[in-house]
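Read-outs throughout are calculated quantities, based only on the coordinates presented, and are distinct from any laboratory measurement. In this text, all values refer to a predicted model and were calculated from it rather than measured experimentally. When we count neighbours, we look across all protein chains shown, and the Cβ atoms used for this are built from the backbone with ideal geometry, even at glycine.
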Amino acid sequence: MMLAASVLDGDRLALARLLTHVENDTADGRTALRALFPHTGQAHLVGITGAPGTGKSSLVNRLALHFRTLNKRVAIVAVDPSSPFTGGAVLGDRVRMKDLSGDRDVFIRSMASRGALGGLARTTASIAQVFDAAGYEIILIETVGAGQGEVDIARLAHTTLVVEAPGLGDDIQAIKAGILEIADILVVNKADRPGVETTEKALRSVLELAHIPESERAHHGTPPEIDSAGPTAHSWNVPIQRTVSLDGLGISELADHILRHYSFLHTSNQWIKRNEVRLAAEVDSVLQHMLVLEFHSRLPEGRYNDVMRQVFARRLSPGEAVESLLDGTRGEHAEPVDGGRQR
Ligand SMILES: Nc1nc2c(ncn2[C@@H]2O[C@H](COP(=O)(O)OP(=O)(O)OP(=O)(O)O)[C@@H](O)[C@H]2O)c(=O)[nH]1
Ligand SMILES: [Mg+2]
């Protein structure tokens with residue numbers, strides 16, 4: 001409770017400490033999150049995703065600087081799903097973001113996937129909530145667009161930028177990952193490089209071909225019939241913006257697209273819908289997480305490993321294994337083994 005109060009008070013040290021608690025899923029972290037939740041719902045969550053090396057961090061850095069000129073308080077969450085052992089990417093990001101350090105209205109948090117107990121997307125959602133409650137108006141979330149985990153994180157955002165760069169495979173890898181389905185804004189970064197027209201043309205043709213109706217896109221989850229008030233307020237044409245994050249070319253235009261999308265979300269009622277979809281997904285995710293924890297805490301010591309050994313030896317199928325484990329907890333349920341139930 002004290003931690004939450006300090007965070008609401010603008011205490012940066014408390015904020016940093018709370019983020020660590022949240023990342024480690026501690027009891028103090030959960031208590032603080034509970035206290036902060038009523039103070040959330042204001043921040044604009046912007047996801048920045050794309051293949052490694054497309055310039056996401058440089059872009060985020062530039063965007064943050066730009067939003068600072070508009071006097072917005074900015075938080076940056078850099079999710080690093082790469083190997084936990086190198087730590088190189090995280091360090092590099094910190095160095096590149098040095099332009100922003102010392103600004104009290106900017107907070108940068110690098111998050112290693114290793115630190116996120118039980119679900120990167122859920123932890124990222126919680127971290128975004130902390131920043132939201134702490135009064136950060138724009139939360140930039142950088143993720144490498146590689147797999148489902150990153151798509152889940154993108155789904156968290158109100159506005160998702162997918163970053164491409166010339167030469168990084170003009171067959172557009174991102175399409176395969178279905179990442180275009182989550183894009184609200186497409187960015188062709190490194191526009192100073194040769195091949196920018198080719199990349200842009202490829203993206204444009206994909207947009208035209210796909211022509212994904214707004215209501216059917218992945219992170220909306222809204223059935224088409226809800227969008228009945230006419231097409232104008234309810235359709236968003238995914239813009240393609242060229243940028244050079246080295247010198248800032250196209251950054252103010254990109255920021256305008258982001259702010260325009262924010263207005264669009266409000267005028268089209270998507271803001272509320274997206275928040276509801278996000279919160280429902282979060283509740284489901286927490287529910288699953290809690291059920292599994294609860295379940296494990298009820299199992300007698302060593303039971304899980306015993307059953308798994310039988311599965312590995314092919315004596316039990318995974319289905320039989322679960323049934324056997326469930327039977328076990330039903331039996332033990334009334335009297336948990338020593339130290340078994342923690343929470
Ligand atoms: N020529 C050129 N290089 C750029 C531009 N933006 C970024 N770079 C360079 O591209 C490299 C990767 O940039 P990052 O910002 O780290 O890219 P990233 O997408 O965050 O990379 P990961 O987080 O490792 O996936 C760096 O060497 C940048 O200096 C650009 O607009 N033009
Ligand atoms: Mg990066």
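The table below lists the values:
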read-out: Which listed pairs, of LYS72/LYS273; LYS190/LYS273; LYS56/LYS273, have C-alpha distances above 30 Å, in listed order; value: LYS190/LYS273
read-out: Label-to-label distance, nm, for residues given as ARG30 and SER317 (7 Å Cα→Cβ offset); value: 3.4 nm
read-out: Length added when fully stretched, GLU282-THR267, from 0.36 nm per residue minus Cα-Cα; value: 2.9 nm
